[in-house]
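For reference, the structure is listed below as structure tokens.
The values are calculated or read from the model by the stated rules, or taken from the named source; none is laboratory data. Since this is a predicted model, take the numbers as computed values, not measurements. Reconstructed Cβ throughout: ideal geometry from the backbone, glycine too, with neighbour counts over all protein chains shown. With ligands, DNA and RNA removed, areas are computed over all heavy atoms of the protein, side chains included. Shrake-Rupley method; radii C 1.70, N 1.55, O 1.52, S 1.80 Å.
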Amino acid sequence: MPTATHTSTRKTAPKRAGKTAAAKGPDAVALLKADHRAVEKLFAQFEKARDADRKKALADKICLELRVHMQIEEEIFYPTSREYLTDEDIVDEAVVEHAAAKDLMDEIEGMEPGQDLYDAKLTVLQEQIEHHVEEEETEYFPMVKETDMDLKAIGARLQARKTEIMAQMDGGQAKALQ
């Protein structure tokens with residue numbers, strides 16, 4: 001099934017506001033892109049997996065990483081970027097894309113490898129995420145970078161929250177993607 005291309009004719013002039021004092025730590029966009037690359041690697045591993053236990057472990061890890069990533073975007077990155085972008089449609093679309101992916105992850109997490117449509121649902125999730133990542137990296141992130149949003153300070157907040165959520169979601173067993 002081909003993925004739909006984004007056809008918005010959005011014209012966004014960034015809002016400008018004073019930056020806060022420069023923070024040390026990861027740049028927000030770099031941190032989010034690193035998450036994208038890590039999940040892409042997990043999807044590639046899933047595609048090659050043949051063993052049911054391996055598939056289940058990878059699917060669980062994919063869903064965990066995506067849930068954490070989505071949560072930090074929704075709690076911190078998206079609301080903050082709304083303050084700097086004059087057209088918030090791209091943020092709204094990202095939130096809707098997250099909701100669709102979460103629904104599919106709920107289904108996947110309630111299944112076992114070998115069940116009807118298990119692999120197909122992982123493939124569709126991968127396609128949805130690839131589409132979402134492409135829009136973020138080619139449209140959303142460049143718009144944010146043109147603003148005065150303090151990406152270092154936001155990156156530090158994202159990293160701290162991510163570490164906290166990972167510990168809560170899987171009892172501290174998983175290491176947050178760095």
Exercise for review: Can you run down the residue pairs with Cβ atoms below 6 Å, 6 or more apart or on separate chains, where the first is in segment 24-41 and in contact (Cβ under 8 Å) with a residue 24 or more places away in the chain and the partner is small (Gly, Ala, Ser) and open to solvent by 10 Å² or more (accessible area, probe 1.4 Å)?
Suggested key: Gly25/Ala156
Check your understanding: Do you know which residues across segment 14-56 are out of contact with any Asp or Glu (no Cβ under 8 Å at 6 or more places or on another chain), open to solvent by less than 60 Å² (accessible area, probe 1.4 Å) and at pLDDT below 80?
Key -> Gly25
Study note, to complete from the structure: So, first residue within 11 Å of Glu73 (Cβ to Cβ) in segment 90-106, second residue charged (D, E, K, R) and in a helix (DSSP H, G or I), Cβ within less than 6 Å, six or more apart or across chains; the pairs are Val91/Arg82
